[in-house]
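Please treat every number below as a calculation from the coordinates, not as lab data. Remember, it's a predicted structure, so these values are computed and weren't measured experimentally. For neighbour counting, all protein chains shown are included, and Cβ atoms are generated from backbone atoms with ideal geometry for every residue, glycine included.
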Amino acid sequence: MISRHLPFAGLTAFRAAALHKTLAKAGASLNVSQPAMSRRLKELENDLGCPLFDRSTKPVSLTPEGRELLDALQHGFGIVESTTDRLRQKTAVPCVTITGPTGFLNYWFLHRLNEINQAFPDINIKVIDSDTSGSDLIGDIDIRFISSASDQPLHREGEQIFNEAVFAAASPAYLAQRGGVDLRRFTQDLVFLSVDAGDRWYSWDVFFKNLGAPEQHPRRKVEFNSYSLLVNSMLAGHGVGLAWEGLLDTYFDTGALVRLSDVQLATNRGYYLFLRDDRKASAKVRKVGEWILSAATAEHSIAV
C-alpha cells in the first residue's frame, strides 16, 4: 500500500541520469531541459533526505543510497515495461481462451493444436484445464468443451464433437507378452485397468454383459482415480483397459494401442462444444469453433 505521494518526476529523472551518466543525455531522453532535470533531482534528494549522487567525482557516481534506489527502480520499471508490452500484444493479436476436461484436452484437442495454429496464424490460443482450475467459475472463456455426465444429450445447448463408444484395448507389448487376448474366453491372469469414478465411467461388468460373455469378475485389477493415469498404464503395457473412440484415435492410428474386439458400447454421452454468449463471441471465436466442429465431423462422420 502506498502511504504517501511518490515523486514520479524525480524518480524518472534520477533513473535517466543514472543510466545516461550525464544530465544532458538524460534530459534529452525525457524531453526535459537540463535545468529542469537538476531541479527534479535536487527535490528528490531533499524528499528522501540523502544524496543520491557523489558529485565530488568526475563523472559523478552513485552513492550507496543511489545504487539501492536504482536497483529498485530497474526492477519496478522492468515489471511495468513487460506488462505494457504484454497488454499491447493482447490488443494487437486476439486471443481465444479454451477450456475443457483434462482427458479431452490431452488426448483430442492438443493433438490438433498444430492444425489450429496453422489455420489461424493471427490468433493466440490460451488453454485452461477445467478439472484443475475450476474454470467453470471464470467468465472470460470463449470456447468450452464439456463431457455429458449422463445419457441425456446436450444438443439444445452445445454442439456435439463426437458421441461415446467404448471398447477394450491394450498395448502391443502387453499382447505380445500374453500371446494375444480373447476376451470371450476369460483369462484369470489378465490385469484389468479401470477408473474408480462411480457411474461416470463404464465398468468391466457392463462391458462383458454387452460383449455377450458369461458374467465375469476380474481377479486382478488396478484402479485409478483419473482416466489419464489409466491411459498411461495401458500405453506402458500394464494391462487391458476400456478405451473411448474419438478420444484416443491418435494412439490407435499410430499402433500404440490395439482394439481387442469389434464390440463397442455406444450411448448418447460424449463431448460437446459451447461458445460463449453469442453477443460476446467475436467472429474469430466463432471461426475457431466452426473449424473444430468441421474437423470432428470429418474425422468421425457424425452430424454436429
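Take the stretch 8-92, compute every pairwise Cα distance, and split them into 10 Å bins from 0; I just need the percent in each bin.
Reading the bins upward from 0: 17, 46, 25, 9, 2.
Give, rounded to the nearest 20 debye, the magnitude of the charge dipole that the stretch 8-92 has about its Cα centre when Lys and Arg contribute +1 at Cβ and Asp and Glu contribute -1 at Cβ.
360 debye
Could you please report the charge total around GLN264, scoring K, R as +1 and D, E as -1 over all other residues with beta-carbon less than 12 angstrom from its beta-carbon?
Numbers: positive: ARG259; negative: GLU164, GLU245, ASP262.
Within the 12 Å Cβ shell, the charges total -2.
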